[in-house]
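Read the structure below first, then the notes.
The values are calculated or read from the model by the stated rules, or taken from the named source; none is laboratory data. Predicted model only: the values in this text are computed from it and were never measured. Heads up, the Cβs are rebuilt from the backbone with ideal geometry, glycines too, and the neighbour counts pull from every protein chain shown. With ligands, DNA and RNA removed, areas are computed over all heavy atoms of the protein, side chains included. Shrake-Rupley method; radii C 1.70, N 1.55, O 1.52, S 1.80 Å.
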Amino acid sequence: TRVKEAELAWQAQLDQDMDAVCDVCNDGEVTLNNQIIFCDACNVAVHQKCYGIDQIPTGNFFCRTCIHFDVDKEYLAARKRGGPPVKLTRHPIICELCPRRQGAFVQVDTLEPTKKAKWVHVGCAKWQGMNYVSAEQKDKIEDLTELKAWFKAEGHVCYLCKSGIGALHQCREKGCEKWMHLTCARSFGKCSVQHGENCVGFFDPQQIDHPPW
C-alpha cells in the first residue's frame, strides 16, 4: 500500500511539473540548460535563467524569501525530525509594485537605509525595465523610489483591482486608456498578456535569439 501511495504521489508531482509555468515570465517551456525549478518550502516555480540560478542544486532548493525568513532551516529541521515538512504559501512581505502576496521575489536596493527589507516580484521589476544591481549575483533590484513616485503623481489606478499602488501598464490595444498591474492582468483572466512572456527576454515572434534578462 505504501509503495502504491508513493507511486501515486510521484506521478502527481510529475503532472504538476509538466503543467508548471514560471512565476516570472509566465512561460512553461524548458530546455536542458533552463529548467523550471520549485522552491521546496513555498513551491514557487521559476526558470533558472529568470531567477538567476546557474546550476540546479543537488539537494533542496529554496527561493530568496524563504532563505531570508529562515523557512529553509525550519523545513530542513522538520525533515530531520521526521515530521511533516514546513509548507509556506504566503510570505509576510508586500511587493513594491503590485498587490499580489505570492510569487518569486527579489530584494530592492534602497537608497536610504531601512530596518525592514523591501521586496518586489522579479516579473514586476523586469516588466518595468528595472535592472539588477549586480548582473552576476542577481540578488537585488535597483531602487524603485522614482518609478513609484511617477505613478503616484500620475494618479493611475488599476482597472482590475482598483488600487493605485506600485506601478502599472497601459493596455496595448489602440485607443484603450485602461491601466493595470502586470500580476492583475495575468491573474484575473480578463486580459491577454502578450508582450514579454518569455524567459530569455522580450517576446518577439519575428526574432528567435533574445538577450537574456
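The alpha-carbon of Lys80 sits under 27 angstrom from the alpha-carbons of these lysines, leaving out residues fewer than 8 places away in its chain: Lys4. The accessible surface of the range 68-167, taken with every protein chain in place and a 1.4 Å probe, is 51 percent carbon and sulfur.
Counting heavy atoms of the protein chains alone, Phe62 has an accessible area of about 30 Å² for a 1.4 Å probe.
Surface exposure of the range 19-114, expressed per residue as accessible area with a 1.4 Å probe, stands at 55 Å².
Looking at the range 30-179, what % of the alpha carbon pairs are farther apart than 25 Å? Distances greater than 25 Å cover 38 percent of the Cα pairs. By the rule of a C-alpha distance below 29 Å, with chain neighbours fewer than 8 residues away ignored, the lysines paired with Lys152 are Lys115, Lys116, Lys118, Lys126, Lys138, Lys140, Lys162, Lys174, Lys178, Lys190. Peptides 41-49, 163-171 ordered by packing proxy, namely the average of other Cβ atoms within 10 Å per residue, highest first: 41-49, 163-171. Take Lys118: with every protein chain present and a 1.4 Å probe, its accessible area is about 80 Å². Solvent exposure of Lys116, expressed as accessible area, is near 150 Å², computed with a probe of 1.4 Å over the protein chains only. Protein heavy-atom accessible surface, 1.4 Å probe, per residue over the range 126-182: 63 Å².
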